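See structure below.
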Amino acid sequence: MTSDAVPLSGSRFQTEPARLYREIRRDHGPVAPVLLDGGVPAWLVVGYRELHQVTGDPVLYSRDSSLWNQWDSIPADWPLLPMIGRDQPSILYTVGERHHERAGMIGKALAGVEPALLRRHCEHFADELIDAVCSTGSADLVGQYAMLLPVRVLARLYGFSDDQSSALVTALNDMIDGRERALEGQRHLATSMAELVARRAAEPADDVVSRMLAAPGGFTEEEVMQDLMVMTAAGHQPTADWIGNSLRLMLTDDRFAASLFGGRHSVAEAMNEVLWEDTPTQNVAGRWTSRDTQLAGRHIKAGDLLLLGLQGANADPQIRTDTSELTGGNSAHFSFGHGDHRCPFPAQEIAEVIARTAIEVVLDRLPDIDLAVPAESLTRRPSPWLRGLTELPVRFTPTPALGGN
Ligand code: HEM
């Protein structure tokens, strides 16, 4: 790997990622050498074609993190360990036929969610959250709304009762926050998931966990519990960021102003544009090469780590010759990944319903909503991985709560 590797950290991922990915492509081509925390080397794949090649060949570019040729130099307290995943027995690092069965188990369990019921849950929880702020005339639509909604809906679909879900919301947001309460949050989640799985194993019901347990393939309670953790963490934060980033676009871009005053058609357009231009999952770790290979003229050694540069690939000028053609209804972006290990289709559909309903409820309940701060002062969380706002302060004419729906 070359010595001019790009550190995958720093404020530019927060402030101007589009320009940064352009510069990375200009200076290093579609497969760039990068350095992770502590100077750990990896490759960032920002070329659309190259990313297609990597995600389309799960044997050469494996999800099996045990292949990594850097494990000997990774300290036990390396901050990225939870994301890279050593010895994590979840679907994320499972490969081959077993992965196929496991993805089928999760996909079918999620596909069993009834669309009308999902929509009702989303409206119910969204209305409850708006009820908590609507009489005040101002709110932070990230902290008081987007960050609280997806996990509540998912918890209900998975099989948790509503009185358990507010503790889950706190635990998950603590864990994502990555500060002093993170480990405690993770423990609470793991214990709650294990309890739910044990309860449903003894007494099945009509929910996602019961369907996972009943799936063929002989999955143990431990495996189901591990996947439930993934489905909660992988489901909540990107969906929350999809809501926040789309609301930001609609509140700051004149093209969407009409929809804020009663129009609807452009909610889907704003959401799709966000997936192309401002996607929640910017970079994903990762894939590990199972043998030496060449990619875009780079020599990639067996066991090298490749990071999927989803946002970089979405903006690849090789495919983005005319921006307007690709946004609109075009969904050939990489925002849900691609290939065997992509986000399961039923998960994508659930995320879409949660995000769309969340935005529609805001527009319905707070029709004269406006940003409460200048657009330029909005800030993003400092992360090269998930892209989302720290807050989205808005104001509106106070309205009474609906209450008890
Ligand atoms: C209900 C919400 C969601 C659930 C339950 C969910 C669940 C999952 C699961 C289980 C996987 C692992 C698939 C595998 O390894 O075979 C996955 C992968 C992925 N998800 Fe989602 N997800 C949700 C929403 C989202 C959203 C909103 C985004 C981004 C906009 C997203 C982006 C991704 C990506 C990029 C991957 C692929 C990672 C890779 O290729 O290694 N997901 N998701």
Check: Residues in segment 373-387 that are touching a Phe, Trp or Tyr at 6+ places or on another chain (Cβ under 9 Å) and under 16 Å from Gly143 (Cβ atoms): how many?
Finding: 1
Item checked: Filter result (of a type in the set (D, E, K, R) and assigned to a helix (DSSP H, G or I)) within segment 100-126 -> Glu101, Arg102, Lys108, Arg119, Arg120, Glu123
Check: Among Ser192, Ser165, which is among the small types (Gly, Ala, Ser) and within 16 Å of the ligand (Cβ to nearest atom)?
Finding: Ser165
Next item on the list: Enumerate the pairs (first residue in segment 212-233 and without any contact (Cβ under 8 Å) to a residue 24 or more places away in the chain; second residue anywhere and within 14 Å of the ligand (Cβ to nearest atom)) with beta-carbon separation below 7 Å, excluding pairs fewer than 6 apart on the same chain, so at least 6 apart or on different chains.
Entry: Leu213/Val224
Notebook entry, point to check: Any residue in segment 29-49 that is modelled with pLDDT of 95 or more and among the acidic types (Asp, Glu)?
Noted result: no
Note to self: Condition check: among the aliphatic types (A, V, I, L, M), over 17 Å from Ala302 (Cα atoms) and open to solvent by 20 Å² or more (accessible area, probe 1.4 Å). Does Ala76 satisfy that?
What the structure shows: yes
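May I ask you to verify whether Val274 is open to solvent by 10 Å² or more (accessible area, probe 1.4 Å) and under 25 Å from Ile176 (Cβ atoms)? Before the answer, list the steps.
On the way: open to solvent by 10 Å² or more (accessible area, probe 1.4 Å): no; under 25 Å from Ile176 (Cβ atoms): yes.
The answer is no for Val274.
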Notebook entry, point to check: Which ones in segment 171-185 are without any contact (Cβ under 8 Å) to a residue 40 or more places away in the chain and surrounded by 15 or more Cβ atoms within 10 Å (Cβ to Cβ)?
Noted result: Ala171, Asn173, Asp174, Arg181, Ala182, Gly185
Check: Can you name the number of the only condition in (1) surrounded by 19 or more Cβ atoms within 10 Å (Cβ to Cβ); (2) modelled with pLDDT under 95 that Phe261 fails?
Finding: (1)
Next item on the list: State whether one or more residues within segment 41-52 are among the small types (Gly, Ala, Ser), under 23 Å from Arg380 (Cα atoms) and assigned to a loop (DSSP other than H, G, I, E, B).
Entry: no
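The values are calculated or read from the model by the stated rules, or taken from the named source; none is laboratory data. Computed from a predicted structure; not experimentally measured. Because the Cβ atoms are built from the backbone with ideal geometry, glycine has one as well, and the counts that use them run over all protein chains shown. Surface accessibility is based on the protein's heavy atoms, side chains included, excluding ligands, DNA and RNA. Shrake-Rupley method; radii C 1.70, N 1.55, O 1.52, S 1.80 Å.
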